[in-house]
Amino acid sequence: MSDITYLKRLFKAYYKEKRSEIPSLSSFDHREFGFIPWDKQIFMKRHMSFKIQERFLELLISEGPRHIYSSGAIYKQPENQDMEGKGYQGCDFIIDIDVDHFYTPCKADHDFWYCKECGESGVGMIHTCPNCKKLKIKTLAWICDRCLETAKQEIIKLIYNFLIPDFGINLSNMKIAFSGHRGYHLKIESQQIRNLTSNERREIADYIAGENISLEILGLQMKGGNILRFSGDTYGWAQKIIGKTLELLKNTDLEIKDLLSNKEKFNFSNNYVKSFLNSKQDFINKIENHNSLILPSIEGFGLVNWKKFFIGIVHEVGVEIDTPVTIDIHRLIRYPGSLHGKTGFKTQEIFPDELDDFNPLDEVNKKLDPIVFESKVETTQKLEILEKRVPATKIKGKTFGPYKQGEKIEVPHHIAVFLLCKEVAKTI
Ligand SMILES: [Zn+2]
Ligand SMILES: [Zn+2]
């Protein structure tokens with residue numbers, strides 16, 4: 001039996017066993033569905049619809065697709081092949097947070113890339129090949145508890161710093177899910193939000209991400225030889241920036257130094273960091289004394305560096321969202337409760353109050369555990385590694401690997417499923 005046939009059989013058996021636990025969706029019969037099968041010849045079967053969820057579940061059991069998606073949009077005729085003919089009725093508001101799209105320091109340990117153009121290879125996240133500047137990059141992006149914790153903190157920021165205070169969205173209208181790979185998505189279901197146009201969605205996405213913020217409009221200016229900041233007493237971004245600045249200033253000098261000199265973040269040279277730290281207490285006093293908007297005079301800090309500092313703060317406050325997902329009203333998103341074909345993990349729905357304790361790669365609450373292929377009695381499988389180098393995988397507190405091409409290994413069932421889904425190993 002080929003590994004693909006094996007995985008497909010596992011997925012089918014999973015859907016058969018968990019049939020009653022697969023959640024439904026609101027307006028189920030008005031959603032468009034899409035499957036990616038295991039057969040690589042077919043990219044995606046979309047424009048499907050189901051009158052009742054039973055039919056959908058039967059298809060999962062009989063086909064065990066590799067990936068399963070449904071639309072955020074609701075349509076009069078979701079099965080219509082022509083987008084115009086679907087009869088668009090509105091779309092849930094969807095926010096995707098995926099570490100594929102933003103910097104985390106640990107990627108240097110577990111993400112590898114290879115340039116198909118010039119053969120250069122390396123670690124971490126890149127957009128173009130640093131050698132030939134081309135875009136033909138093959139990446140091996142790995143799961144990691146630190147990355148997932150960062151993504152979770154972004155979701156928490158999104159909810160409690162933006163959606164609730166600035167948009168008045170109710171927790172009860174939010175649906176959160178771990179994607180089954182490297183991120184989370186959040187869906188807002190409410191009639192008002194369903195009617196937003198793509199452009200309106202972009203405006204909200206930009207606001208949440210802190211894109212295109214004008215510090216001058218907020219009030220950053222040079223006046224009579226002093227540089228004035230904006231007041232943090234108002235709502236929205238000015239308040240968030242000043243609040244975050246104060247939070248940063250109350251860290252230890254070493255923590256501030258690490259952040260300000262980080263090339264992916266503030267990127268200040270050591271001299272600037274040093275003079276900034278000398279004025280730290282003065283800066284705190286000035287913010288806490290609400291009467292003064294004058295920024296402390298720091299050696300080397302003119303308007304340019306102050307802007308650079310506050311833009312750095314904006315990036316700390318803003319949420320790392322994948323904007324194209326939010327603005328595309330016809331996008332299909334991973335179905336809750338379905339299996340992710342690149343990991344074999346479950347796309348797990350979580351209530352907002354469960355988020356704090358949720359730990360996808362080592363979850364203690366069985367009902368929320370995305371690692372569904374862990375067997376009760378430990379069974380192992382023998383595999384041979386196909387990929388040049390495979391990073392270490394830490395699941396349920398145990399680390400497997402790193403591995404090299406050609407290595408023969410024996411690992412527990414759920415780890416074998418993960419490595420097979422990742423296509424970095426084959427059974428032997
Ligand atoms: Zn290259
Ligand atoms: Zn990581």
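The values are calculated or read from the model by the stated rules, or taken from the named source; none is laboratory data. Remember, predicted model here, so these are calculated numbers, not experimental data. Every residue, glycine among them, receives a Cβ derived from its backbone with ideal geometry; neighbour counts consider all protein chains shown. Protein only, heavy atoms only, side chains kept; ligands, DNA and RNA dropped before computing areas. Shrake-Rupley method; radii C 1.70, N 1.55, O 1.52, S 1.80 Å.
Tabulated values for the structure
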{"quantity": "With every protein chain in place, region 1-87: carbon and sulfur % of accessible area (1.4 Å)", "calculated": "51"}
{"quantity": "Karplus 3J(HN,Hα) series, Hz, for region 137-153 with 6.51 cos²θ - 1.76 cosθ + 1.60 (x for Gly, Pro)", "calculated": "10, 9, 10, 10, 9, 10, 7, 7, 5, 5, 4, 5, 5, 4, 4, 5, 5"}
{"quantity": "As computed over region 255-309, the Cα convex hull volume per residue (Å³)", "calculated": "82"}
{"quantity": "Region 375-416 pair-distance distribution - Cα-Cα, 10 Å bins, rounded %", "calculated": "29, 56, 15, 0"}
{"quantity": "Amide H within-cut-off set for Lys134, under 5 Å, with H built and near neighbours excluded", "calculated": "Cys129"}
{"quantity": "Kirkwood Rh, Cα atoms: Rg over Rh of region 112-219", "calculated": "1.08"}
{"quantity": "Theoretical gain in end-to-end length, Asp357 to Lys396 [0.36 nm per residue, Cα-Cα removed]", "calculated": "12.6 nm"}
{"quantity": "Percent breakdown of C-alpha pair distances by 5 Å bin, ordered from the shortest bin, for region 99-155", "calculated": "4, 21, 29, 20, 14, 8, 4, 1"}
{"quantity": "Label zone at Lys40, where the point sits 7 Å out along the Cα-to-Cβ direction: region 106-140 residues whose backbone N lies under 18 Å", "calculated": "114-117, 137-140"}
{"quantity": "Largest-first principal axis extents, alpha carbons of region 1-113, Å", "calculated": "48, 38, 30"}
{"quantity": "Pair-distance profile P(r), taking every C-alpha pair of region 58-122, with 10 angstrom steps and integer %", "calculated": "14, 22, 27, 22, 15"}
{"quantity": "Lys136-Glu384 pseudo-label distance in nm [points 7 Å out on the Cα-to-Cβ vector]", "calculated": "2.9"}
{"quantity": "Isolated Cys residues of the chain, judged by Cβ distance under 4.7 Å to other cysteines", "calculated": "Cys91, Cys106, Cys421"}
{"quantity": "Quotient of C-alpha Rg and 2.2 N^0.38 Å, computed over region 132-185", "calculated": "1.55"}
{"quantity": "Accessible-area composition of region 113-205, carbon plus sulfur, in percent [1.4 Å probe]", "calculated": "48"}
{"quantity": "Cα-based shape type of region 30-173, given that a ≥ b ≥ c are square roots of the gyration tensor eigenvalues and the cut on a/c is 1.5", "calculated": "oblate"}
{"quantity": "Charged-residue dipole, Cβ positions (Lys, Arg, Asp, Glu), region 334-428 about Cα centre, Debye nearest 20", "calculated": "540"}
{"quantity": "Relative contact order (%) - the chain, alpha-carbon pairs under 8 angstrom, separation at least six", "calculated": "17"}
{"quantity": "GluC sites (Glu not before Pro) lying in DSSP loop within region 292-362, provided at most 16 other Cβ fall within 10 Å", "calculated": "Glu299"}
{"quantity": "Cross-link table Lys76/Lys346; Lys40/Lys86; Lys8/Lys376, entries beyond 23 Å C-alpha to C-alpha", "calculated": "Lys76/Lys346; Lys40/Lys86"}
{"quantity": "When each of Lys136/Lys307; Lys45/Lys116; Lys138/Lys257; Lys134/Lys263 is checked by Cα-Cα distance, pairs over 26 Å", "calculated": "Lys136/Lys307; Lys45/Lys116; Lys138/Lys257"}
{"quantity": "Amide H contacts under 5 Å for Ala425, placed H, 5+ residues apart", "calculated": "Leu386"}
{"quantity": "Surface/4 estimate of mean projected area, convex hull on alpha-carbon atoms of the chain, nm²", "calculated": "23.7"}
{"quantity": "Charge dipole (debye, nearest 20) of region 176-245; +1 at Cβ of Lys and Arg, -1 at Cβ of Asp and Glu", "calculated": "200"}
{"quantity": "Debye log10 I(q)/I(0) at q = 0.16, 0.23 Å⁻¹ for region 309-403, Cα point scatterers", "calculated": "-1.01, -1.27"}
{"quantity": "Under the Karplus curve 6.51 cos²θ - 1.76 cosθ + 1.60, θ = phi - 60°, whole-Hz ³J(HN,Hα) for region 368-385, x wherever Gly or Pro sits", "calculated": "9, 6, x, 7, 8, 9, 6, 8, 5, 9, 5, 10, 10, 10, 9, 10, 10, 6"}
{"quantity": "Rounded accessible area per residue of the chain, 1.4 Å, Å²", "calculated": "50"}
{"quantity": "Region 246-316, accessible surface, carbon-and-sulfur percent (1.4 angstrom probe)", "calculated": "48"}
{"quantity": "Burial order of peptide ranges 60-71, 226-237 (average beta-carbon count within 10 Å, highest first)", "calculated": "60-71, 226-237"}
